[in-house]
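Read the figures in this text as sums done on the coordinates, not as results from a lab. Please read all numbers here as calculations on a predicted model, not as lab measurements. Cβ placement follows ideal geometry from the backbone for every residue including glycine, while neighbour counts extend to all protein chains displayed.
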């Protein structure tokens, strides 16, 4: 199958540090290549892939310090348009920016397109836009993600999957600290993580990215990151993150928003680390309460969950990752969706080609119209 994967340009594929969507695109792309498919990746120029790379820009927009994000994406879409008839399937990961192009390719050129949405969908500005493009085929990354826009043309839900060898269990680790990984932002719950660790009298390590739009928030809580029981290590790469997760007693995930998936949760499971998470968004779909972690509603319940962590087997966490969140499973799910969409296209084409002209039907008096 000839497949185009279209990545956001904010980070390289894979990203050097933080970058969930680009990381998932990389895992999916490489697995599809390994399975023998002809894959073309549209991404930033510093991306590394075994697929055919069609680059836009020298590097990811964040690394380049770009002040304008839309223009490079429009350029990438034009390059894709020029090559569109070379693909059986075009798989977009660029949220809604490509919607006009996807509709054009579908309607005017008969190209099979689908879009995986990686972000939150509950913003009020989205409703009218998505209603306008209700004909486009969409894939969610959790069932929870769909709730804000239930009437779209959802053709599947595919949970993220990761390569099994990237992160492993560290049996020799002391597991003497709690860990927070993510962004320094209100919705990610860094303040709640600090409070949980303080109440539990445990060290909290924070490996987190600071976005430009979160700078004011970061400055408002900066003093808390210097407390004696808190160790802020900043933004980390994949290897350092695996080391931190492998050594943690638990990952704290006290989110205060409808998290579409939460990639760090399956990274924690891959390292054998149980997850203590607030019951928002996709959490109940990823964490098995009492088996791979604890789903709680507030700081007090999170502290109580820490006391119950000895009941969680780190080996079971790893096994759950292998069974439910492997890249092989993710790629298989997407291939099934690709094949289904191609079959639908063939059926529609066959139906149109076999349809008789209206004038012929009207002239045949013995037929029921």
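So the values come out like this:
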{"quantity": "Estimated FRET transfer efficiency when R0 is 51 angstrom, pair residue 2-residue 301 (beta carbons, to 0.05)", "calculated": "0.55"}
{"quantity": "Inter-label distance, nm, simple model (7 Å from Cα along the C-beta direction), residue 86/residue 224", "calculated": "5.0 nm"}
{"quantity": "Pairwise FRET efficiency - residue 202 versus residue 125, Cβ, R0 = 45 Å, nearest 0.05", "calculated": "0.65"}
{"quantity": "Estimated distance in nm for a label pair at residue 48 and residue 212, the labels positioned 7 Å out from Cα along Cα-to-Cβ", "calculated": "2.7 nm"}
{"quantity": "Sorted peptide list for 2-15, 67-80, criterion being average Cβ within 10 angstrom, highest first", "calculated": "2-15, 67-80"}
{"quantity": "Estimated translational D of the chain in µm²/s (Stokes, Kirkwood radius over Cα pairs; 37 °C; 0.692 mPa s)", "calculated": "148 µm²/s"}
{"quantity": "GNM flexibility winner over the chain from 220, 142, 282 (Cα, springs under 10 Å)", "calculated": "220"}
{"quantity": "Prolate/oblate/rounded call for the stretch 111-182, Cα gyration tensor, a/c under 1.5 rounded", "calculated": "prolate"}
{"quantity": "Cα-based helix-to-principal-axis angle, 70-83 vs the chain, degrees rounded to 10", "calculated": "40 degrees"}
{"quantity": "Degrees between helix 190-200 axis and first principal axis of the chain (Cα, 0 to 90, nearest 10)", "calculated": "40 degrees"}
{"quantity": "Helix-only CD estimate at 222 nm, as mean residue ellipticity for the chain, using -39500 (n - 2.57) per DSSP H run (n ≥ 4)", "calculated": "-11500 deg cm²/dmol"}
{"quantity": "Amide N of the stretch 32-48 lying under 19 Å from the label point, which is placed 7 angstrom from the Cα of residue 346 along Cα→Cβ", "calculated": "37-38"}
{"quantity": "The chain, relative contact order [Cα under 8 Å, separation at least 6], %", "calculated": "14 percent"}
{"quantity": "Degrees separating the helix 327-354 axis from the principal Cα axis of the chain, which is the longest one", "calculated": "20 degrees"}
{"quantity": "Overall dimensions of the stretch 177-323 by Cα: Rg and Dmax, Å", "calculated": "14.0, 41"}
{"quantity": "Segments 119-127, 48-56 sorted - mean Cβ within 10 Å per residue, highest first", "calculated": "48-56, 119-127"}
{"quantity": "Fewest-first ranking of 113, 271, using other Cβ atoms within 10 Å as the exposure measure", "calculated": "113, 271"}
{"quantity": "Net length gained if the chain between residue 239 and residue 154 were fully extended (0.36 nm per residue, minus Cα distance)", "calculated": "27.1 nm"}
